[in-house]
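The values are calculated or read from the model by the stated rules, or taken from the named source; none is laboratory data. None of the values given here were measured: they were computed from a predicted structure. So basically every Cβ, Gly included, is an ideal-geometry build from the backbone, and we count neighbours across all protein chains shown.
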Amino acid sequence: MDFNNQPISIYIRIVAIISLLLGLNDAARLLGVNLGATSPIAAFGMSGFVYLAIFAMARLFAAVGLWIKTSWGAVLLVSATGAELVLYLMGNPDIRMTAFGFAIRLVLLISILVIFGLSVRLHRARIAD
């Protein structure tokens, strides 16, 4: 995919910033911000802590990949966010998020899929010319 088109590159950067902020929020939760004296591992459980660490790192790497406009950043973001939402919707007790967090992740997933669609459409239009 070619994310260097001017209209698409602006949206890619916006999605990268949202992904970065969400990843930093998850990293802050990993460090125990707003937990007081409670250990994050005790608060989330071992498997919940590991899930959160994996998704936070994937989202941070995806933000970097999107910022430099590579396709692996979008693929990483779709796979990590999709897996997290599927685990949450299946009722996994280790994946915890608020309604606002769910909505942000859903918007992030839909926006990157729309960007994929636009990129494919622009690529086909360029080939047809």
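If you go through segment 33-70, how many residues are hydroxyl-bearing (S, T, Y) and touching a helix residue (DSSP H, G or I) at 6+ places or on another chain (Cβ under 8 Å)?
Adding up the residues that qualify gives 1.
Listed residues S111, S79; which is out of contact with any His (no Cβ under 8 Å at 6 or more places or on another chain), over 16 Å from A56 (Cβ atoms), surrounded by 12 or more Cβ atoms within 10 Å (Cβ to Cβ) and among the polar types (S, T, N, Q)?
So the residue among S111, S79 that is out of contact with any His (no Cβ under 8 Å at 6 or more places or on another chain), over 16 Å from A56 (Cβ atoms), surrounded by 12 or more Cβ atoms within 10 Å (Cβ to Cβ) and among the polar types (S, T, N, Q) is S111.
Here is a list of conditions, (1) modelled with pLDDT under 90; (2) surrounded by 13 or more Cβ atoms within 10 Å (Cβ to Cβ), and A42 meets all of them except one; can you say which number that is?
Going through (1) modelled with pLDDT under 90; (2) surrounded by 13 or more Cβ atoms within 10 Å (Cβ to Cβ) one by one, A42 breaks only (2).
Could you tell me whether segment 64-79 includes any residue that is under 23 Å from I41 (Cβ atoms), in a helix (DSSP H, G or I), more than 9 Å from the chain's Cα centre (by Cα) and not charged (D, E, K, R)?
The first filter runs over segment 64-79 and keeps only residues under 23 Å from I41 (Cβ atoms), leaving none.
The answer is no, given that none of the residues of segment 64-79 is under 23 Å from I41 (Cβ atoms), in a helix (DSSP H, G or I), more than 9 Å from the chain's Cα centre (by Cα) and not charged (D, E, K, R).
Among the candidates I95, I8, which residue alone is among the aliphatic types (A, V, I, L, M), surrounded by 13 or more Cβ atoms within 10 Å (Cβ to Cβ) and outside any loop (DSSP other than H, G, I, E, B)?
Result: I8 is the single residue among I95, I8 that is among the aliphatic types (A, V, I, L, M), surrounded by 13 or more Cβ atoms within 10 Å (Cβ to Cβ) and outside any loop (DSSP other than H, G, I, E, B).
Go through segment 77-129 and give me each residue that's hydroxyl-bearing (S, T, Y), more than 16 Å from S9 (Cα to Cα) and out of contact with any Lys or Arg (no Cβ under 7 Å at 6 or more places or on another chain).
S79, Y88, T98
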